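Trainee: First, the structure itself, so that you have it in front of you.
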Amino acid sequence: MVETPATPAELSRRLVAWALDEGFDRAGVVRLEPSRQIDAFERWLERGDHAGMEWIARRTELRRDPRGLWPGLRSALCVALQYHPLVGEDEPAADDALWSRVARYARGRDYHEVMTKRLRRLEQRIVAAFPGAAARWYVDTGPILEREMAARAGLGVQAKNTHLLHRVHGSYFLLGELLLTLDAAPLRADEVEGAADPATDLCGRCTRCLDHCPTDALRAPYRLDANRCISYWTIEHRGDLPEAAREMVGEWVFGCDICQEVCPYNVKVPAADHPELRLPPERRALDLVGLLRLGRDEYVERFRKSPMKRAKLEGLRRNAAVALGHRGDTAAVGALAATLDDASAVVARHAAWALGEVGGAEARSALSARRADPMLEPSLGVEIDRALARIDAANWPAAY
């Protein structure tokens, strides 16, 4: 249905209403303009705070001014979708070795897919209503500084942990954008919600996120160093984890929520009804040892449409081995020992490391037996030798 012409202000209210119709929790509109935070972003890159994520440094000119992404872009509809807490969701028990150590956003269906479906429907509705209009959607995928854009749209303010933070809804929400050629007026989400005094700073003197980050990844307020971030190492990094990274990630398997868990604004957050973001039964039944043993076919089936596929099967199994090593549970020695013969050299090396962390006679026997193989891959041999040395060092006082 073709819409009658609207003023820029009326147009923005219509766009926000349509976004809420599609199930987004909040929405606002901004005019596209050059970034006000590009200098800080480029300093972040110059320091190497983006670690091994080289793609972030590409197409910086478009981050500087998103209007270069498509001819005629003039405005953006910014949306937020709450992923925690969710109506009807049971939080994994604190002693759940797997799911309590998976970031909450990643437990359900891939948010890229969830949000993209809604943004595409919005795009179709807008293009049908306003002939000649064009739109481009992004969900954490395009060369734009989306948190800056979302903050201007009134979806929240930047917090010291670098997340976007809302006075009522905390920080457990996802962001998406629909860039438009329409001449829509700025309309803040907090204005739509009737907020009397839009916040510019919610952190004040609070430093809980910085104080509780176990790896000191939050080097200063508003600065995240990915080289020390658990999320980077468990999700983005491929291959072997350096020794220091193995210590940093601890028992986390995919991502990390610590800096959000300690935030006072996340204590009492209204629940949102998005069933697709809940942990599904076919994954909830999986435990940490099961993840370590996971085969290709079962991985494809259990993790279908899961954001955890970002780490790939090898990465998830590698992370499971490291988590088991940190837990020090001797009940996992059999599974770790069997993994010393794994087809993935990466997983086998991390299983050897984990056995060295667990320690004990059974772990030492398994490592020694594998080390005796004359065809042993050299790098696995090195990892086994280090693990045996740690076990022997730990047992040294008892031997004399």
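The values are calculated or read from the model by the stated rules, or taken from the named source; none is laboratory data. A quick note: this is a predicted structure, and the numbers were derived from the prediction, not measured. Every residue, glycine among them, receives a Cβ derived from its backbone with ideal geometry; neighbour counts consider all protein chains shown. Protein only, heavy atoms only, side chains kept; ligands, DNA and RNA dropped before computing areas. Shrake-Rupley method; radii C 1.70, N 1.55, O 1.52, S 1.80 Å.
Trainee: Residue by residue through segment 10-35, note down the ones that are assigned to a loop (DSSP other than H, G, I, E, B) and touching a Leu at 6+ places or on another chain (Cβ under 7 Å).
Mentor: Selection gives Glu22, Phe24, Asp25, Leu32, Ser35.
Trainee: Taking the condition of being over 16 Å from the mean Cα position of the chain (by Cα) and either closer than 28 Å to Ser12 by Cα or open to solvent by 70 Å² or more (accessible area, probe 1.4 Å) (or both), how many residues in segment 50-86 meet it?
Mentor: Of the residues in that region, 23 qualify.
One line per residue, one yes/no per condition, for (1) part of a strand (DSSP E or B); (2) under 25 Å from Glu276 (Cβ atoms); (3) not small (Gly, Ala, Ser):
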position: Glu123; (1), (2), (3): no, yes, yes
position: Ala133; (1), (2), (3): no, no, no
position: Trp137; (1), (2), (3): yes, yes, yes
position: Pro143; (1), (2), (3): no, no, yes
position: Val168; (1), (2), (3): no, yes, yes
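Trainee: Do the conditions hold for Asp197, that is, is it among the charged types (D, E, K, R) and open to solvent by less than 20 Å² (accessible area, probe 1.4 Å)?
Mentor: So Asp197 does not fit the description; no.
Trainee: OK, next. Which ranges mark the helices (runs of 4 or more DSSP H) fully within segment 284-400 that have 1 or more residues being surrounded by 13 or more Cβ atoms within 10 Å (Cβ to Cβ) and among the aliphatic types (A, V, I, L, M)?
Mentor: Because the criterion is at least 1 residues that are surrounded by 13 or more Cβ atoms within 10 Å (Cβ to Cβ) and among the aliphatic types (A, V, I, L, M), the helices (runs of 4 or more DSSP H) in segment 284-400 that meet it are 288-292, 312-327, 333-339, 345-358, 361-371, 378-395.
Trainee: Checking Arg147 against (1) in a loop (DSSP other than H, G, I, E, B); (2) among the charged types (D, E, K, R); (3) closer than 24 Å to Pro34 by Cα; (4) within 18 Å of the chain's Cα centre (by Cα), which test does it fail?
Mentor: Going through (1) in a loop (DSSP other than H, G, I, E, B); (2) among the charged types (D, E, K, R); (3) closer than 24 Å to Pro34 by Cα; (4) within 18 Å of the chain's Cα centre (by Cα) one by one, Arg147 breaks only (1).
Trainee: Being out of contact with any helix residue (DSSP H, G or I) (no Cβ under 7 Å at 6 or more places or on another chain), touching a residue at least 40 places away in the same chain (Cβ under 8 Å) and either open to solvent by 10 Å² or more (accessible area, probe 1.4 Å) or among the basic types (Lys, Arg) (or both): is that true of Ala271 here?
Mentor: yes
Trainee: I want to confirm something. Restricting to segment 229-245 and keeping residues that are under 18 Å from the mean Cα position of the chain (by Cα) and of a type in the set (D, E, K, R), which single residue is surrounded by the most Cβ atoms within 10 Å (Cβ to Cβ)?
Mentor: So, considering only residues that are under 18 Å from the mean Cα position of the chain (by Cα) and of a type in the set (D, E, K, R), the one surrounded by the most Cβ atoms within 10 Å (Cβ to Cβ) is Glu236.
Trainee: Working only within segment 259-282, note down all residues that are farther than 11 Å from Ser171 by Cα and touching a strand residue (DSSP E or B) at 6+ places or on another chain (Cβ under 9 Å).
Mentor: Of everything in segment 259-282, those that are farther than 11 Å from Ser171 by Cα and touching a strand residue (DSSP E or B) at 6+ places or on another chain (Cβ under 9 Å) turn out to be Lys268, Pro270, Ala271, Ala272, Asp273, His274, Pro275, Leu277, Arg278, Leu279.
Trainee: Hey, can you tell me all the residues within segment 31-49 that are open to solvent by 40 Å² or more (accessible area, probe 1.4 Å) and within 30 Å of Ala184 (Cα to Cα)?
Mentor: Arg31, Glu33, Pro34, Arg36, Gln37, Asp39, Ala40, Glu42
Trainee: Do we find that Pro307 is closer than 30 Å to Glu22 by Cβ and without any contact (Cβ under 8 Å) to a residue 12 or more places away in the chain in this structure?
Mentor: Numbers: closer than 30 Å to Glu22 by Cβ: yes; without any contact (Cβ under 8 Å) to a residue 12 or more places away in the chain: no.
Judged against the criteria, Pro307 is not a match.
Trainee: Looking at Val127, Val102, Val192, Val139, which is the one that is β-branched (Val, Ile, Thr) and in contact with a Leu (Cβ under 8 Å, 6 or more places away or on another chain)?
Mentor: Sole residue among the options that is β-branched (Val, Ile, Thr) and in contact with a Leu (Cβ under 8 Å, 6 or more places away or on another chain): Val139.
Trainee: A follow-up question, please. Filter segment 176-194 down to the residues that are among the aliphatic types (A, V, I, L, M) and open to solvent by 20 Å² or more (accessible area, probe 1.4 Å), then identify the one that is nearest to the chain's Cα centre (by Cα).
Mentor: Residue satisfying both the conditions and the ranking: Val192.
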